[in-house]
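Visitor: Quick one: structure below, then a few questions.
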Amino acid sequence: MKKKHLLPIIIVAAILLLVGGGLFIVREQTLPIKEPVRINIPEGTDYQALVDSLDSHGCIPSHPAFHAIARFRGLQNHIRPGSYLLTPHTHIIRVIQKIYSGNQDPVRVTINKHRTVQHLCQYLGTRLTLQPDSLLSLMQSDETCARYGETPLTIIGLFLQNTYELYWTTTPTALLDRMKRESDYFWDKRKLQLEALGLTRQQVLTIASIVEEETNADDEKADIASVYLNRYRIGMPLQADPTVKYAIGDFSIRRIRGNMLQYDSPYNTYRYPGLPPGPICIPSTASIDAVLKNKKTDYLFFCAKEDFSGRHNFAATSTEHSSNAQKFHKALNNRNIH
């Protein structure tokens, strides 16, 4: 065969070899990581910053192949912010498409016993991209609170202790909407108990927040709740030490003394009768259910046990309570706790 007839065949063969080799190379481009990796891409991230982030986590098996596919997909001008979970052996085509489409994975956010709206907002700002000040501004807005049936002093009650899956880029408004749905679902399951108790959600949450601060022992919570419910029903001041700490803003106080009881704040239940204007923390489900249980006792008093076990002695009379309190204060003095 003459050379001029061989030339087209050689060209076609070369093209097939290059294409075949390219397909082979692309086919082999899977993530070389051994464990799942989460990549957070903030708003405004450019292509080079994205590449640097992926590279630092060992998620680019071949730069030439990655750049070629990214350019073909148009990723350079279409990077969606978000939190993306990348798993071993995922093909880079899927990685690029995931980021291109903004198909982010939710992050797990655990809400515990936050005592103030400010602290809650700061915490959420470390877990999500929202600005704490923006969330705080919304939660202190009368208009926003009214939308959720709350006030700036009760809106923290929308948040329940739990672990939630949220998108990293969740906005403050979307977050509050989600918490409202979660709250409604939670209370719908307790509707009959709430009606039987004769209190509002906000009132139950406020009492439950005091119970939450009084003990970590779930089996004692119904008894402690009964004390505050009994006091509230007969018009007796709640005289709850945790409300004094909240009013003063010092949660490290270990011993409430006389001058603290006079601190002028609507949260100080020694000075002002009735319930505080809102919860003093985000209570656990156990504390909420302890209030809803509406346990029937004749207790009007309780005091920490002198053995510092974290448990309490309960009493129906001031005489019995005085005896219990003397034991506890003696134990405090012996340990030089002020």
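The values are calculated or read from the model by the stated rules, or taken from the named source; none is laboratory data. What you are looking at is a predicted structure, and each value in this text was computed from that prediction instead of being measured. The protein model used for the area step is the full one, side chains on, heavy atoms only, and it has no ligands, DNA or RNA in it. Shrake-Rupley method; radii C 1.70, N 1.55, O 1.52, S 1.80 Å.
Visitor: Could you name the lysines in cross-link range of Lys34, using Cα to Cα under 24 Å and dropping any fewer than eight places away on the same chain?
Guide: Those lysines meeting the cut-off are Lys98.
Visitor: Further question on the same structure: So how long is each side of the chain along the principal axes, counting just the alpha-carbon atoms, biggest first, in Å?
Guide: 119, 46, 35
Visitor: While we're looking at this one, here's another question. Where Rh denotes the Kirkwood radius from the mean inverse Cα pair distance, what is Rg over Rh for the stretch 259-338? Could the numbers behind the result be given before it?
Guide: On the way: Rg = 15.2 Å, Rh = 15.1 Å.
Using Cα coordinates only, the ratio equals 1.00.
Visitor: If you don't mind, another one. Take the solvent-accessible surface of the protein heavy atoms, probe 1.4 Å, and return the percent of it on the stretch 63-176 that carbon and sulfur atoms account for.
Guide: On the stretch 63-176, the fraction of accessible area on carbon and sulfur atoms equals 49 percent.
Visitor: Considering only Cα-Cα distances, which of the following residue pairs are longer than 22 Å: Lys305/Lys330; Lys295/Lys330; Lys189/Lys245; Lys189/Lys293?
Guide: Long pairs (Cα-Cα over 22 Å): Lys295/Lys330; Lys189/Lys245.
Visitor: Which aspartates and glutamates, on any chain, are close to Lys327 with Cα under 13 Å apart, when same-chain ones fewer than 8 places away are left out?
Guide: By straight Cα distance, Lys327 reaches Glu306, Asp307.
Visitor: For Lys221, give me every one of the aspartates and glutamates with a C-alpha distance below 16 angstrom, ignoring sequence neighbours fewer than eight places off in its own chain.
Guide: Hits, sequence-local ones excluded: Glu212, Glu213, Asp241, Asp289, Asp298.
Visitor: What does the convex hull of the alpha-carbon atoms of the stretch 84-207 project to on average, in nm²?
Guide: Projected area, direction-averaged: 9.3 nm².
Visitor: When the helix-only estimate is applied to the chain (DSSP H runs of n ≥ 4, each -39,500 (n - 2.57), divided by the residue count), what is the mean residue ellipticity at 222 nm, nearest 500 deg cm²/dmol? All intermediate terms of the calculation are to be shown ahead of the outcome.
Guide: Working: 14 runs with 167 residues, N = 338.
When only DSSP H runs of four or more count, the value is -15500 deg cm²/dmol.
Visitor: Roll a 1.4 Å probe over the protein chains and send me the accessible area per residue for the stretch 217-292 in Å². Please report the intermediate quantities before stating the final value.
Guide: Numbers: 3090 Å² over 76 residues.
Ligands and nucleic acids excluded, the figure is 41 Å² per residue.
Visitor: Quantify, in whole percent, the carbon and sulfur part of the accessible surface of the stretch 271-338 (1.4 Å probe; protein heavy atoms only). Intermediate results must be reported in sequence, preceding the final value.
Guide: Working: 1740 of 3600 Å².
It is 48 percent, rounded to a whole number.
Visitor: Residue-wise, which Karplus ³J(HN,Hα) couplings in Hz belong to the stretch 252-263, taking 6.51 cos²θ - 1.76 cosθ + 1.60, θ = phi - 60°, and x for glycine or proline?
Guide: Calculated HN-Hα couplings, in order: 8, 4, 9, 9, 7, 10, x, 5, 5, 5, 9, 4 Hz.
Visitor: Related question: Please list, short to long, the whole-number percent of alpha-carbon pairs of the stretch 233-285 in consecutive 10 angstrom bins beginning at zero.
Guide: Values per bin, smallest distances first: 26, 55, 19, 1.
Visitor: Taking only the C-alpha atoms, wrap a convex hull around the stretch 186-335 and report its volume per residue in Å³ as a whole number. Intermediate results must be reported in sequence, preceding the final value.
Guide: Numbers: hull volume 16.2 nm³, N = 150.
In the stretch 186-335, the Cα convex hull volume per residue is 108 Å³.
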